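The values are calculated or read from the model by the stated rules, or taken from the named source; none is laboratory data. Fair warning: this is a prediction, and the values are worked out from it, not measured in the lab. Neighbour counts are summed over all protein chains in view; Cβ atoms, including those assigned to glycine, are modelled from backbone coordinates with ideal geometry.
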Amino acid sequence: MIDRKWDSSLAYCVGLLATDGCLYNDGRHMSFVSADIQLVELFKNILKLSNRISYKTSGSSGKKCPHIQFGSVVFYKWLIEIGLTPRKSLTLGPLKIPDKYFLDFTRGCFDGDGSIHSYMDRRWANSHMFYTSFVSASRNYIDWLRGKVFKKLGIKGHMTTDRNKRTYQLKYAKRESLVLISKMYYNRQVPCLERKRKKIKNIIKKHRTIQSKNPRIFLKKTAKIEI
């Protein structure tokens, strides 16, 4: 039986399910899929699942991705009670996540459908920009996530949509990203997708190198981040 007692690892897995998970309509079965086998294995190990990891073809990319399907009526009902839904991409809304574990949940969302990218802004010398983003087809969910992060960390972010206005992106620019990253990765042992952790470390390393040439900008903030 899957342990439903809240802790940081369970909250992280709920974040993964809220983004890359699926609840089937039978009231029993669920699945989790990711392009990263490490993330599927981590999810399996945290929930202590005995089910086999298989591969399924992605409807969007056509690539085969690691996938795990499992069944539990009790866990399924618990997920429904906290706000997850079948066909969640459009129906997902506010979730009942304990405040103590909200940042673990947020890290799970980031590892599921989140991203971070950086670039040099050519308008100014030594201007290194980066953004941390979350994406969802549900405006209600993105609005809730944005409000919760603001209440917890005091950072507002900003909202954008894709060209067809089918998905919503919640984005945090450099200053706010540094706050968010430091809180999501509050120690080096937190469960996470290692690929994204390494990407963040490389971005911060590059930023520190640039800062050394212009120490007035953000140097104190990045000095405190050790993920």
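Miscellaneous remarks
- Among the residues of segment 45-57, at least one is closer than 24 Å to S138 by Cβ and out of contact with any helix residue (DSSP H, G or I) (no Cβ under 7 Å at 6 or more places or on another chain).
- Residue within segment 23-32 that is surrounded by 14 or more Cβ atoms within 10 Å (Cβ to Cβ), under 15 Å from the mean Cα position of the chain (by Cα) and not assigned by TED's automatic domain parsing to the domain that holds Y168 present: yes
- Note on segment 124-153: among residues that are assigned to a helix (DSSP H, G or I) and aliphatic (A, V, I, L, M), the one that is surrounded by the fewest Cβ atoms within 10 Å (Cβ to Cβ) is L153.
- T85 fulfils the conditions (1) polar (S, T, N, Q); (2) in a helix (DSSP H, G or I); (3) closer than 23 Å to D7 by Cα; (4) over 16 Å from the mean Cα position of the chain (by Cα) except for a single criterion, (2).
- Subset of segment 170-184 [outside any helix (DSSP H, G or I) and either touching a Leu at 6+ places or on another chain (Cβ under 8 Å) or surrounded by 20 or more Cβ atoms within 10 Å (Cβ to Cβ) (or both)]: L170, Y172
- Search result, residues across segment 94-113 that are at pLDDT 95 or above and within 20 Å of L23 (Cα to Cα): P94, L95, K96, I97, F105, T106, G108, C109, F110, D111, G112
- E41 fulfils the conditions (1) assigned to a loop (DSSP other than H, G, I, E, B); (2) modelled with pLDDT of 95 or more except for a single criterion, (1).
- Close pairs from segment 154-166: first within 13 Å of S133 (Cβ to Cβ), partner charged (D, E, K, R) and not in a strand (DSSP E or B), Cβ under 7 Å, at least 6 apart: G157/R146; G157/E176
- With respect to being among the charged types (D, E, K, R), more than 22 Å from L95 (Cα to Cα) and either without any contact (Cβ under 8 Å) to a residue 24 or more places away in the chain or in a loop (DSSP other than H, G, I, E, B) (or both), K56 fits the description.
- So T85, is it surrounded by 14 or more Cβ atoms within 10 Å (Cβ to Cβ), modelled with pLDDT under 95 and of a type in the set (S, T, Y): yes
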